[in-house]
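Have a look at the structure below, then the notes.
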Amino acid sequence: MSRNKFIGMETEGFEDTLNKLEQLSNISDLSTVAVYNGSGIVADEMRHQLNSLKTTKDGQRGSDKSRRYCYERDKDVLLQQMGISKISKGETTSAKVGFDGYYYLSNGKQKPVPLLANSINAGTSFMYAQPFINKTVRAVREKVSKAMQDSLDSEINKIQK
């Protein structure tokens, strides 16, 4: 008695499904489009939050004379140095919206722009906290998720047609 048992199967129309799956196998390009669209939304909201920062004129202090808001030139530096990183592909596809580079103080010293952004966001002993990064994250979380899903759906529909 033979122990090997074989089951014969025939399928019809499976080639169409297989072709669609092969077209979707290049999913990294689809995720790149989705991440690109999502990071654009985050960058726009971050720019809006930066524009709404309260500022103090140079050399002036707040009402309690020990603290102040950021200077107008600090706000301008953040707006100029804000950007989107290159889209990185690995196990996940991601991009970051943030700050890069250095700026010069009035005495000629260089300071990192991310340090300035963090000090405005979290506050210091002499500067009020203005959590613009936190507000950006809260404001765009659902919008970005929906936009990325919509762009993935539209790209998949384009491929399937």
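The values are calculated or read from the model by the stated rules, or taken from the named source; none is laboratory data. Remember, it's a predicted structure, so these values are computed and weren't measured experimentally. Glycine also receives a Cβ, built like all others from the backbone with ideal geometry; neighbour counts cover every protein chain displayed. The accessibility values were calculated without ligands, DNA or RNA, using every heavy atom of the protein model including side chains. Shrake-Rupley method; radii C 1.70, N 1.55, O 1.52, S 1.80 Å.
List of remarks:
- Test: residue in the stretch 101-115 that is on the phi > 0 side of the Ramachandran plot and assigned to a loop (DSSP other than H, G, I, E, B): yes
- Selection within the stretch 82-103 - open to solvent by 70 Å² or more (accessible area, probe 1.4 Å) and either at pLDDT 90 or above or of a type in the set (Lys, Arg) (or both): ILE84, LYS86, LYS89, LYS96, ASP100, TYR102
- Whichever residue in the stretch 116-136 is under 22 Å from the mean Cα position of the chain (by Cα) and touching a residue at least 60 places away in the same chain (Cβ under 8 Å) and, among such residues, is surrounded by the most Cβ atoms within 10 Å (Cβ to Cβ): ILE120
- Boolean, ASP76 is over 20 Å from ALA139 (Cα atoms), open to solvent by 20 Å² or more (accessible area, probe 1.4 Å) and modelled with pLDDT of 90 or more: yes
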